[in-house]
Amino acid sequence: MKSLQYVAYAGVLAALLLAGWSSALAQNVTYDDILHSSAQPQNWITYGGNYSSHRFSELKQIDTQNAASLKMEWVYQLRRTGIFETSPIVVDGYLYMTEPPSTVTALDVRTGKAIWRWTPELPKNLLTIGLFPTNRGVAVLGDTVYVTTIDSYLVALDGKTGAVRWRVHVAENKEGYAITSAPLAINGKIITGTGGGEAGLRGLLDAYDAKTGKRLWRLWTVPTQGEPGVETWGGDSWKWGGATTWNTGSYDPELNLLYWGTGNPAPDWNGDARQGDNLYSCSLLAVDADTGKMKWYFQFSPHDTHDWDAAEPPILLDAAINGQPRKLVVMANRNGFYYVLDRTTGEFLSGVPFIKQTWAKGLDAKGRPILMPDIDPSPQGTLIYPSITGAINFSSPSYSPLTGLVYVTAREQGAYYFKGRPKMEPANPELAGGGGGQRVLTGDPAYTAVRALDATTGKMKWQFKLVGDSWTGTLATAGGLVFSADVAGNFFALDAATGKPLWNVHVGAAARANPVTFAVDGKQYVAVAATNSLFVFGLP
Amino acid sequence: MIRIRSSRVAALVFILCGFGLCVPFVAFAAGRAPQATKPAAAPPGKPLFEGACAVCHGMDGSGGNGPNIRHAAARLGPNGIEDLVKVGFIGSGMPTFPQLGDEKIRQIVDYVVSFDQEASGTQPGDAQKGKEIYRSKNCSQCHIVNGQGGNLGPDLTRVGTRLSPGSLSDAITSPGLKLPLDANLAERAAFRAYLMQRAVTKDGREITGLRVNDDTFSVQLRDAGGQIHSLRKLDLQKLEDLPGKSWMPSYKDGLSETQLNDLVSYLAGLRGAR
């Protein structure tokens, strides 16, 4: 009897040791692991879930039958309040997340207890022009955690201890550059863009050697004198053109192309001094990952005057169009249209509105918008749908290969747009975006909805209406679920096939981040950051 | 307490529309005597605000990415706003603007304070008589002022900072016409509080009440007796809006023009404890 008990204890002890040992040993994420992320669904290994930014998980322990019984597992509360937009990375029982503005915290997934924390020292006169001092997450490669900071550094941290391995200066915060996005780790390289499109600067996309931090290439998103495209900027307006790269992009390893969205031209709400299309603002760029050369671009909103950044992560998928198998990149754009492009060539295949929009009659054969008259911002205000925050903002949509649907949180809201100054004054906090802005239409007619769009046509299959606004992306799972949240603080699960609500919990304050899912010890969890806490749920 | 700066003294013209007729009012922001006829130049803080703040707070301060700050001055005072712009809200989305310098920050603060001024100023009516009317009409049955009264309608302790005289008059003569935005989540959740709604549950129960809360999954209605009904939307077969309806009776016919002016003057002066 007694000896039996000992055996049982020893077994438990061995299991515990093994578990502890394995998670201490693991956390070594190879490029191959990220390439085949669906083979290890217990880990949420890269910002978009995979390189195609599907935010789809093969986990199916939580499904349409049992989602209703989801219960809270633990809550992590921020040490310091702020705008909390993190999308955690999970590797073998460790969860790496960022706290605003630029702290990295490693947590034990089983308990939510912090293992280590790293906080950079930030300059006193930090410039955050037209953006919130926040951070959307880290990248992991090997046993290193990579994070960008609000003062525009890229930092490599030891995944086990949080010790700094290297720290490189990406761009000058005094000029208005500030980074809030999660970097992207590909084969031996770390890719990052920057924010600051309201500060009067030129956007850029950088690649760094993952081991040494050496910069391998830089792509400017606004051409300079003598370069093609500079003629799309009136006068010398290219100097403060903006077109920043403030969210995380996607990657096709076979084509070796990065897909990265760019933001508004500056100043935002007055295009007078920047006559022309303003390349490569409000565009999707396909960039050779080895050289940093642009292979193609597609501009969604030429000469934008409504701040419709193309910042949402693009989704890569393969599907038949008119009976032909195509490699596609799709984007539900802030300007209100859902675009389908060929991702090898950038060819426009289709584009349809996925919300009410009042600025374009439609898109021409090349995907260029056919403008309605008098859509420009004006001193007295011009009413246009969507609003400045857009049909969608930085939140990530998801794509389920099982349903063939793209799930977006779509905003139905108009705004009066006011014209600002024609000239940009660099790094001038008095003039975010050159002045000007919006007065939004509020009240009940303004709402958001989780919409399921046919991935290849953009046609709406179903919608689930939310009261008020939403700044949360969606998460799709093989369990047949779509998770999202609203600003009232409801985190919920919908049936991915029908949009029927299956579970909801009120976490008490607005969510403003993308949910993720992962597993440890055979148990699936879903997590979402809301206001000042990370909430984690699982089945009882 | 609103600190008044002489640079900001401006004449504001309100049109008081009630009874289907419009009475022009001239309201002066208290302080020094206004420079009578000279049209007020655009305040220096306006372009600064539109440059630095409008991106989040909207061109007129009514919100967008950031909260509505049209009446922030009543709560924070100019000093509070000045501090906020200089040192920020620790750990919030509100940035600091140390680079602007004291002078420009003060001009911006003046401009933000001026948003609030449209709801202030002297009224032609007699506030003391208005207070008496408030008592005799038993408004406190449904409204709290300085902690006293019922809560079927909004707390009116600071209503003078929230509504212009025109809107106050409208509220009294046409209840349910303009509803306040929900105070908890302001622009973000942005539903009109106090909207009258009728809910029918799947088992046939009918509840009519004023909306207290509304979100994706639930709604709370306050019935005529003041009781709260907490309803899950999944349990409802119907939820309809009854716009223009309110538990508040209209006082359109029950008050003379003078009495209405007196009452509006009283309410306009309700600006919270000083």
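The values are calculated or read from the model by the stated rules, or taken from the named source; none is laboratory data. Just so it is clear, the structure is predicted and the values come from calculations on it, not from any experiment. FYI the Cβ positions are ideal-geometry reconstructions off the backbone, even for glycines, and counts take in every protein chain you see.
Side notes on the structure shown:
- Residues that are of a type in the set (Val, Ile, Thr) and in a helix (DSSP H, G or I) within segment B:126-160 comprise B:133, B:159, listed in sequence order.
- Residue count for segment B:216-231 satisfying the condition of being in contact with a helix residue (DSSP H, G or I) (Cβ under 7 Å, 6 or more places away or on another chain) and either outside any loop (DSSP other than H, G, I, E, B) or in contact (Cβ under 8 Å) with a residue 24 or more places away in the chain (or both): 2.
Residue-wise test of (1) surrounded by 24 or more Cβ atoms within 10 Å (Cβ to Cβ); (2) assigned to a loop (DSSP other than H, G, I, E, B); (3) within 14 Å of chain B (Cβ to nearest Cβ); (4) modelled with pLDDT of 95 or more.
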residue	(1), (2), (3), (4)
A:160	no, yes, no, no
A:168	no, no, no, yes
A:181	yes, yes, no, yes
A:192	yes, no, no, yes
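- Segment A:519-540, subset of a type outside the set (Asp, Glu) and on the phi > 0 side of the Ramachandran plot, residue modelled with the highest pLDDT: A:522
- Residues satisfying the stated conditions in segment A:216-227, i.e. surrounded by 15 or more Cβ atoms within 10 Å (Cβ to Cβ) and not in a loop (DSSP other than H, G, I, E, B): A:216, A:217, A:219, A:220
- Members of segment B:88-101 found to be at negative phi, more than 7 Å from chain A (Cβ to nearest Cβ) and modelled with pLDDT of 75 or more, listed by number: B:94, B:96
- Of all the criteria given as (1) crowded, with 21+ Cβ neighbours inside 10 Å; (2) under 21 Å from the mean Cα position of the chain (by Cα), the one not satisfied by residue A:317 is (1).
- So residue A:473, is it touching a residue at least 60 places away in the same chain (Cβ under 8 Å) and either among the charged types (D, E, K, R) or within 14 Å of chain B (Cβ to nearest Cβ) (or both): no
- Screening residue B:234 with (1) away from every other protein chain (no Cβ under 14 Å); (2) hydrophobic (A, V, I, L, M, F, W, C); (3) outside any strand (DSSP E or B) gives one miss only, at (1).
- Taking every residue in segment A:366-395 that is more than 14 Å from chain B (Cβ to nearest Cβ) and at positive phi and pairing it with any residue that is part of a strand (DSSP E or B) and of a type outside the set (Phe, Trp, Tyr), at least 6 positions away or on another chain, the pairs with Cβ-Cβ distances below 6 Å are A:367/A:351.
- Residue A:399 falls short on exactly one of the conditions (1) in a strand (DSSP E or B); (2) hydroxyl-bearing (Ser, Thr, Tyr); (3) more than 9 Å from chain B (Cβ to nearest Cβ); (4) within 28 Å of residue A:130 (Cβ to Cβ), and that condition is (4).
- Note on segment A:414-424: among residues that are over 17 Å from residue A:374 (Cα atoms) and more than 9 Å from every other protein chain (Cβ to nearest Cβ), the one that is surrounded by the most Cβ atoms within 10 Å (Cβ to Cβ) is A:424.
- Test: residue in segment A:94-102 that is more than 24 Å from residue A:396 (Cβ to Cβ) and free of Cβ contacts under 8 Å to residues at least 40 places away in the same chain: no
- Screening residue A:331 on (1) crowded, with 24+ Cβ neighbours inside 10 Å; (2) part of a strand (DSSP E or B); (3) touching a Ser or Thr at 6+ places or on another chain (Cβ under 9 Å) shows it passes everything except condition (3).
- For segment A:494-512, filtered to residues that are over 20 Å from the mean Cα position of the chain (by Cα) and in a strand (DSSP E or B), the residue that is farthest from residue A:77 (Cα to Cα) is A:495.
- The listed residue being crowded, with 23+ Cβ neighbours inside 10 Å and closer than 20 Å to residue A:420 by Cβ, out of A:273, A:243: A:243
- Residues in segment A:245-257 that are touching a residue at least 60 places away in the same chain (Cβ under 8 Å) and touching an Asp or Glu at 6+ places or on another chain (Cβ under 8 Å): 3 in all.
- Number of the condition not met by residue A:468 [criteria: (1) within 8 Å of chain B (Cβ to nearest Cβ); (2) touching a strand residue (DSSP E or B) at 6+ places or on another chain (Cβ under 6 Å); (3) within 26 Å of residue A:337 (Cα to Cα)]: (2)
- Of the residues screened, residue A:320 is not one that is in contact with a helix residue (DSSP H, G or I) (Cβ under 7 Å, 6 or more places away or on another chain), among the hydrophobic types (A, V, I, L, M, F, W, C) and outside any loop (DSSP other than H, G, I, E, B).
- Residues (of a type in the set (A, V, I, L, M, F, W, C), part of a helix (DSSP H, G or I) and more than 7 Å from every other protein chain (Cβ to nearest Cβ)) located in segment B:51-72: B:56, B:72
- Single unsatisfied condition, residue A:494 versus (1) touching a strand residue (DSSP E or B) at 6+ places or on another chain (Cβ under 6 Å); (2) away from every other protein chain (no Cβ under 13 Å); (3) under 30 Å from residue A:321 (Cα atoms); (4) buried (at least 24 other Cβ atoms within 10 Å of the Cβ): (2)
- Subset of segment A:434-455 that is more than 7 Å from every other protein chain (Cβ to nearest Cβ) and within 30 Å of residue A:274 (Cα to Cα) - its residue that is surrounded by the fewest Cβ atoms within 10 Å (Cβ to Cβ): A:441
- With respect to the conditions (1) surrounded by fewer than 19 Cβ atoms within 10 Å (Cβ to Cβ); (2) out of contact with any strand residue (DSSP E or B) (no Cβ under 6 Å at 6 or more places or on another chain), residue A:305 lacks only one, and its number is (1).
- When each of A:403, A:409 is tested for being under 26 Å from the mean Cα position of the chain (by Cα), among the polar types (S, T, N, Q) and surrounded by fewer than 24 Cβ atoms within 10 Å (Cβ to Cβ), the lone residue that passes is A:403.
- Of everything listed in (1) within 9 Å of another protein chain (Cβ to nearest Cβ); (2) assigned to a loop (DSSP other than H, G, I, E, B), the single unmet condition for residue A:431 is (2).
- Per-region count, segment A:71-97, residues buried (at least 23 other Cβ atoms within 10 Å of the Cβ) and away from chain B (no Cβ under 14 Å): 10
- Take the conditions (1) more than 19 Å from residue A:513 (Cα to Cα); (2) within 14 Å of another protein chain (Cβ to nearest Cβ); (3) in contact (Cβ under 8 Å) with a residue 40 or more places away in the chain; residue A:134 misses just one of them, which is (1).
- Residue A:43 at pLDDT 95 or above and either surrounded by fewer than 18 Cβ atoms within 10 Å (Cβ to Cβ) or under 30 Å from residue A:261 (Cα atoms) (or both): yes
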